[in-house]
Every structure is written in C-alpha cells, then in structure tokens.
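A.B. asks: The structure that follows is given in the form of structure tokens.
The values are calculated or read from the model by the stated rules, or taken from the named source; none is laboratory data. Not measured: the values here are computed from a predicted model. Because the Cβ atoms are built from the backbone with ideal geometry, glycine has one as well, and the counts that use them run over all protein chains shown. The area values use the complete protein model at the heavy-atom level, side chains included, leaving out ligands, DNA and RNA. Shrake-Rupley method; radii C 1.70, N 1.55, O 1.52, S 1.80 Å.
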Amino acid sequence: MKRLLPLAYLSVASCFLFSCEREIVEPSLNATSVSEARSGACTNYSYYNKMSEAVKFGRARGELILVGFAEGMSLQARQQVLGRFPQFQSVEGEIAVDSGIITVVRLAPGSECSDVEKLLTRLVKESSISFANPFFESNSTDPEAPITGLSNEILVFIEEGSLDKLEQLVAQTNTKIVASYSDEIHVLSVDKNSSGSILNITTLLNQQAFVLGAEPNLVYSFPATATSGGEINFQTTKTRRK
C-alpha cells in the first residue's frame with residue numbers, strides 16, 4: 001500500500017528526515033486556520049495542504065449534497081427525515097466508504113449555494129444525521145466532467161512509528177480512525193461532534209510534523225451517459241486511485 005503515497009508527500013517526507021521533530025500542534029480552529037471563508041452570501045470552501053498552499057473548491061453546488069445517517073437506517077426512514085425539508089427532491093444514490101454509507105441527495109430545482117448552506121446547517125441538527133456536506137460548483141466546460149463533493153473522510157499519510165501521535169490528535173479532535181491500509185496510511189472520519197469541519201481538520205493534520213500529507217476523500221459524480229445505462233456514477237478519491 002505504500003506505493004499509494006503521492007510523490008509530493010514523499011518529497012516532504014525527505015525534508016522531515018533532516019529536521020527536528022516538533023510537538024503536536026494543538027487543535028486551533030480560529031480565524032487563522034479556518035478553511036471556509038465567507039465571500040458574499042456563500043462560503044468558498046478550501047483547506048491548506050502540506051506545502052501550506054490553499055486547495056480551493058469554491059462555492060456549494062445547488063444540485064446535490066452528501067448526508068451521513070445513523071447506521072442501519074432504512075431508505076424509507078431516511079426519506080422520511082429528508083422529506084421534512086422543502087429543498088429535498090429525491091435520494092439519488094448511495095456510496096459505500098470505510099466509515100459507512102453516504103446518501104446522495106438531490107435538491108429541488110433552483111436551489112442555490114445559500115439554500116444548500118442553510119439546509120446543511122439544519123440537517124446536522126437531526127439526531128439521526130451525523131454529517132451533511134456539499135458538492136461544489138464546477139468551472140469546467142466539459143459536459144462529461146465530474147462534479148466534486150466532500151465525504152466525511154480524510155486520507156492521512158504519516159511517518160513510520162508515529163501512529164501514537166495520530167491517535168492522540170484523533171482523541172483531541174473527536175474524530176475516528178475507521179481504516180488503516182498500512183502502518184503509515186489511515187482513514188479518519190469527521191462528523192458533527194468533531195472539533196471542526198472536515199476541511200479545518202485536514203488543515204490541522206497538515207500542520208503536524210509527523211503527518212506527511214492529508215487530504216479529504218472526495219466524492220466524484222459523473223453524469224449519466226449511454227455507456228452507464230443512464231445512471232449517474234459515483235466514485236471517491238480512493239476508488240479512482242485503484
């Protein structure tokens with residue numbers, strides 16, 4: 001599994017081998033580390049990678065959202081919860097990830113980024129919902145280009161022998177390690193009870209000396225085509241790498 005490590009992270013790792021180790025950066029989600037900046041009426045979503053560069057996603061898309069429900073809830077029960085919100089149109093599909101099932105929800109036509117943000121805030125107040133995240137607007141002119149959304153997972157690549165430090169940070173941020181592909185590659189889940197959003201915690205992870213790199217496990221929605229049998233295809237960062 002180590003071959004999955006991005007080349008950029010390997011180059012960063014070599015730098016750390018010759019540097020002094022620093023302590024874990026305490027979780028700080030104040031104005032200097034917040035990864036979601038307000039712009040006009042809507043949020044521009046982003047996080048900072050290991051190079052301290054902003055990875056920008058832009059504003060929420062008004063078409064689809066991703067919702068995490070309590071484990072074991074039937075489709076009918078999920079539809080009943082969603083049906084209480086006027087923006088809800090239908091359940092578009094499901095995506096299986098390490099932390100569970102993510103429900104893809106289609107919103108009513110005409111929904112805009114401000115409608116999405118209000119809906120996400122209301123959804124996470126439901127006891128049966130653990131997270132609700134957006135898809136993002138696309139600047140691509142290619143009609144077959146996928147749109148990108150946020151799951152509840154973060155892919156984390158750490159230095160050898162530093163799992164105890166990751167576990168300490170997981171406890172501090174109230175996140176969970178839901179899968180480990182090797183001693184150095186782990187998947188964290190973030191929900192509404194975590195100390196910050198998935199993007200804020202991704203930024204925080206990238207500030208740690210023992211972390212070689214962290215990135216959200218994105219969801220890609222590919223449009224329906226004749227070859228797909230008229231169905232929308234969903235993939236994640238992990239499945240696209242296979």
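A.B. asks: Mind checking which residues of the range 97-120 are within 18 Å of Met73 (Cα to Cα) and open to solvent by less than 10 Å² (accessible area, probe 1.4 Å)? Please lay out each step first, then the result.
C.D. replies: Taking the range 97-120 first, the residues within 18 Å of Met73 (Cα to Cα) are 97-105.
Result: Ile102, Thr103, Val104, Val105.
A.B. asks: Of all residues in the range 129-142, which are over 22 Å from Ser46 (Cα atoms) and open to solvent by less than 20 Å² (accessible area, probe 1.4 Å)?
C.D. replies: Correct list: Ile129 only.
A.B. asks: Are there strands (runs of 3 or more DSSP E) fully within the range 50-154 with at least 3 residues that are in contact (Cβ under 8 Å) with a residue 24 or more places away in the chain and of a type in the set (Val, Ile, Thr)? List them.
C.D. replies: Working: elements: 54-58, 60-69, 88-97, 100-107, 129-136.
By residue number, 100-107.
A.B. asks: Okay, next question. Any residue in the range 194-208 that is outside any loop (DSSP other than H, G, I, E, B) sitting within a Cβ distance under 8 Å of a residue that is open to solvent by less than 20 Å² (accessible area, probe 1.4 Å) and at pLDDT below 95? List the pairs, counting only those 6 or more apart or interchain.
C.D. replies: That search, which allows pairs on different chains as well, returns Leu199/Ser35; Asn200/Ser33; Asn200/Ser35; Thr202/Ser35; Thr203/Ser33; Thr203/Ser35; Leu204/Ser33.
A.B. asks: Any idea which residue in the range 40-49 is surrounded by the most Cβ atoms within 10 Å (Cβ to Cβ), counting only those that are out of contact with any Ser or Thr (no Cβ under 6 Å at 6 or more places or on another chain) and part of a loop (DSSP other than H, G, I, E, B)?
C.D. replies: Looking only at the range 40-49, we keep the residues that are out of contact with any Ser or Thr (no Cβ under 6 Å at 6 or more places or on another chain), and these are 40, 43-45, 49.
Cutting the leftovers down to part of a loop (DSSP other than H, G, I, E, B) gives us 40, 49.
On the way: Gly40: 9, Asn49: 18.
Ranking the qualifying residues of the range 40-49, first place goes to Asn49.
Conditions (1) open to solvent by less than 10 Å² (accessible area, probe 1.4 Å); (2) over 13 Å from the mean Cα position of the chain (by Cα), marked per residue:
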position	(1), (2)
Glu144	no, yes
Thr148	no, no
Ile158	yes, yes
Lys176	no, yes
Gly196	no, no
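A.B. asks: Okay, moving on. For Ile154, state whether it is under 17 Å from the mean Cα position of the chain (by Cα), open to solvent by less than 20 Å² (accessible area, probe 1.4 Å) and farther than 26 Å from Phe88 by Cβ. Break it down stepwise before answering.
C.D. replies: Details: under 17 Å from the mean Cα position of the chain (by Cα): yes; open to solvent by less than 20 Å² (accessible area, probe 1.4 Å): yes; farther than 26 Å from Phe88 by Cβ: yes.
Yes; evaluated as a whole, the condition is true for this residue.
A.B. asks: Got a sec? Which of Ser189, Ser162 is within 30 Å of Glu94 (Cβ to Cβ), in contact (Cβ under 8 Å) with a residue 12 or more places away in the chain, surrounded by 17 or more Cβ atoms within 10 Å (Cβ to Cβ) and small (Gly, Ala, Ser)?
C.D. replies: Checking each option against the conditions leaves just Ser189.
A.B. asks: Which of the residues spanning the range 115-148 are among the small types (Gly, Ala, Ser) and modelled with pLDDT of 95 or more? Walk me through how you get there before you give the answer.
C.D. replies: Filtering the range 115-148 down to residues among the small types (Gly, Ala, Ser) leaves 127-128, 130, 132, 138, 140, 145.
Passing the criteria: Ser127, Ser128, Ser130, Ala132.
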